[in-house]
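Step one of this worksheet: look at the structure below.
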Amino acid sequence: MEFTGERFVPQCQGEIAAEHYHRYFFASGFVAGKRVLDIASGEGYGTHILAQSAAHVTGVDISPEAVATATQKYAGDRVAFLQGSAATIPQPDAAVDVVVSFETLEHLSEQEAMLSEIRRVLRQDGLLIISTPNKPLYSRQGDNPFHVKELCREEFVALLKSRFAHVSLLGQKVMYGSLLSGTGGETLLLRQREEDGAVERMPFTEQAMYFTALAGNGPLPPTQSSFFDYPLEKSDLAAQLRENLAELQERHDAAQARLEAVEAAYTAILASRSWRATAPLRRLRHLLKGKGNKS
């Protein structure tokens, strides 16, 4: 599948890859031995990740092309793909232990119907792992033509609590810095102020680009902070630097070519008959010019 901006595909690199892979690797820690449903499974790479530890995973996507691609690449004894909508999930009641749905909610206007369907297909003590952009921060990047309704933190949590008794919220943001991780409460984001060098301290979830939530009607499993070690050389910043370097090299090569052309033309002039024939005139002009300056 080609990348259109609507669905992530594995050939992408940069922040978008770090974001998508991190979510699925995080979710894979909750699915061991479970029957799992991956809503909006797209190309199927995430369903494949979940299947490494789950008993069985079914990926559902509304796109026939996505389902065909995923089936060809990943389908097997523990992995299957079905075409269907997140608002009308093609699964029976109480069929799965875990539902995973990343970056799907904002693509639908029928968000309440989607949550009701997820609640229907989950077993009574089942778990939902779901993510969506943080509207106030995400919207600063400009409008996403594939998004129908983005949510702020309060709206996202309220929607989940309308269907599930328990909700646990985490924030996600691609950053390059230093991680100190532990079990002592909420993660803090430390940022050095430019004007005076002082440090700002703020809850990390307030600065998160995306929210990932665990929701269920039974007790939720404990969660820990996680850091996805994504190679810096694959980052958007590194890609931009490579692009800038290539542009500078292109400009340098063009300037060098022009210089070489000028030098070749100058050499040709010096070697020409007309240049040699007019040499006495140039010498005379130089002498006359010198006498004029003396007077």
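With r as the distance between the Cβ atoms of residue 113 and residue 207 and R0 = 30 Å, compute the FRET efficiency 1/(1 + (r/R0)^6) and round to 0.05. For residue 207 and residue 113, the calculated efficiency is 0.45. The protection proxy used here, the mean number of other Cβ atoms lying within 10 Å of each residue, ranks peptides 206-212, 240-246 as follows, highest first: 206-212, 240-246. Distances between placed amide hydrogens fall under 5 Å for residue 189 paired with 202, 204, all partners being 5 or more residues away or on another chain. Tell me which of 203, 165, 142 sits at the most positive position along the dipole axis of the chain, charges placed on C-beta atoms (Lys, Arg +1; Asp, Glu -1). With unit charges placed on the Cβ atoms, the residue in question is 142.
Note: relative contact order over the chain, using C-alpha pairs below 8 Å and six or more positions apart, is 14 percent. Normalising the Debye intensity of the chain to I(0), with uniform scatterers on Cα atoms only, and taking log10 at q = 0.10 Å⁻¹ returns -0.63. The ranking of 167, 36, 157, 100 from fewest to most other beta carbons within 10 Å of each one's beta carbon is 157, 167, 36, 100. For the chain, modelled as a GNM whose springs connect Cα atoms under 10 angstrom apart, the maximal fluctuation among 113, 213, 54 occurs at 113. For the range 98-187, applying the loop criterion from DSSP together with a ceiling of 16 other beta carbons within 10 Å to the trypsin sites (Lys or Arg not before Pro) yields 149, 173.
Here the range 10-165 is treated with +1 on each Lys and Arg Cβ and -1 on each Asp and Glu Cβ, and its dipole about the Cα centre works out to around 380 debye. Find, among the GluC sites (Glu not before Pro) in the range 69-175, those assigned to loop by DSSP (not H, G, I, E, B) with at most 16 other beta-carbon atoms within 10 angstrom. In loop regions of the range 69-175 (DSSP not H, G, I, E or B), the sparsely surrounded GluC sites (Glu not before Pro) are 110. Applying a threshold of 24 Å to the alpha-carbon distances of 73/173; 34/73; 73/135 flags 73/173; 73/135 as lying beyond it.
Each reported figure results from applying straightforward, stated rules to the coordinates on display, with no laboratory input. Worth saying up front: this structure is predicted, and the values here are computed from it rather than measured. Please note: Cβ atoms are built from the backbone with ideal geometry, for glycine as well, and neighbour counts cover all protein chains shown.
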